[in-house]
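Structure, as structure tokens:
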Amino acid sequence: AAGAIAKTLLREVAGVEIVAWVSSVKDVVVPEGAIDYDTVSVAEVEESMVRCPVEEVSDKMVKAIDDIKRQRESCGGTVTCVVRNCPWGLGSPVFDKLEAELAKAMMSLPATKGFEVGSGFGSTTMTGSEHNDEF
């Protein structure tokens, strides 16, 4: 409930929009470019039982989950979250940065094994001039 209140407050006061969806389940992955990060909506996400806005991928995810469940197993997945219109510099400048607080919250979930922001893990293969932060 607190998260829903915070999300509503952010939207109404600051115009911040937050949309999250399942982008992979086991080996079923939403193809690169299949989701427009600038336009994907909560309504599109909510249409799917597994919260994946790409219908054909969503169907494959459901099948993968059903297959795993029949084997009395479990599997992992990935959630992608987009925050639109977030004010620059939100959070404290050193120890309580927004990214640090988000990482702390996500890594507190027992099933979470990784957390990335922006180019995330992919940035480790880039040079400094390729990986340029506007802030």
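The values are calculated or read from the model by the stated rules, or taken from the named source; none is laboratory data. It should be emphasised that the depicted structure is a prediction, and the values quoted were computed from it without experimental measurement. Every residue, glycine as well, gets a Cβ built from its backbone with ideal geometry; the counts of neighbours run over all protein chains shown. Note: areas computed on protein heavy atoms with side chains; ligands, DNA, RNA excluded. Shrake-Rupley method; radii C 1.70, N 1.55, O 1.52, S 1.80 Å.
Here are the numbers for the structure shown:
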item	result
Complete set of residues in region 16-43 that are within 27 Å of Asp67 (Cβ to Cβ), open to solvent by less than 60 Å² (accessible area, probe 1.4 Å), among the small types (Gly, Ala, Ser) and assigned to a loop (DSSP other than H, G, I, E, B)	Ala34
Sole exception among (1) touching a residue at least 24 places away in the same chain (Cβ under 8 Å); (2) farther than 26 Å from Gly15 by Cβ for Val40, by number	(2)
Region 78-100 residues that are over 18 Å from Thr8 (Cα atoms), paired with ones that are open to solvent by 50 Å² or more (accessible area, probe 1.4 Å) and assigned to a strand (DSSP E or B) (beta carbon under 8 Å, 6 or more apart)	Thr78/Val29; Gly91/Lys97
Breaking point among (1) crowded, with 17+ Cβ neighbours inside 10 Å; (2) modelled with pLDDT under 95, for Ala1	(1)
Positions within region 44-76 being of a type in the set (Gly, Ala, Ser), more than 11 Å from Trp21 (Cα to Cα) and not in a loop (DSSP other than H, G, I, E, B), in sequence order	Ala64
Selected residue (only one of Gly122, Gly91 is out of contact with any helix residue (DSSP H, G or I) (no Cβ under 8 Å at 6 or more places or on another chain), modelled with pLDDT under 85 and open to solvent by less than 50 Å² (accessible area, probe 1.4 Å))	Gly122
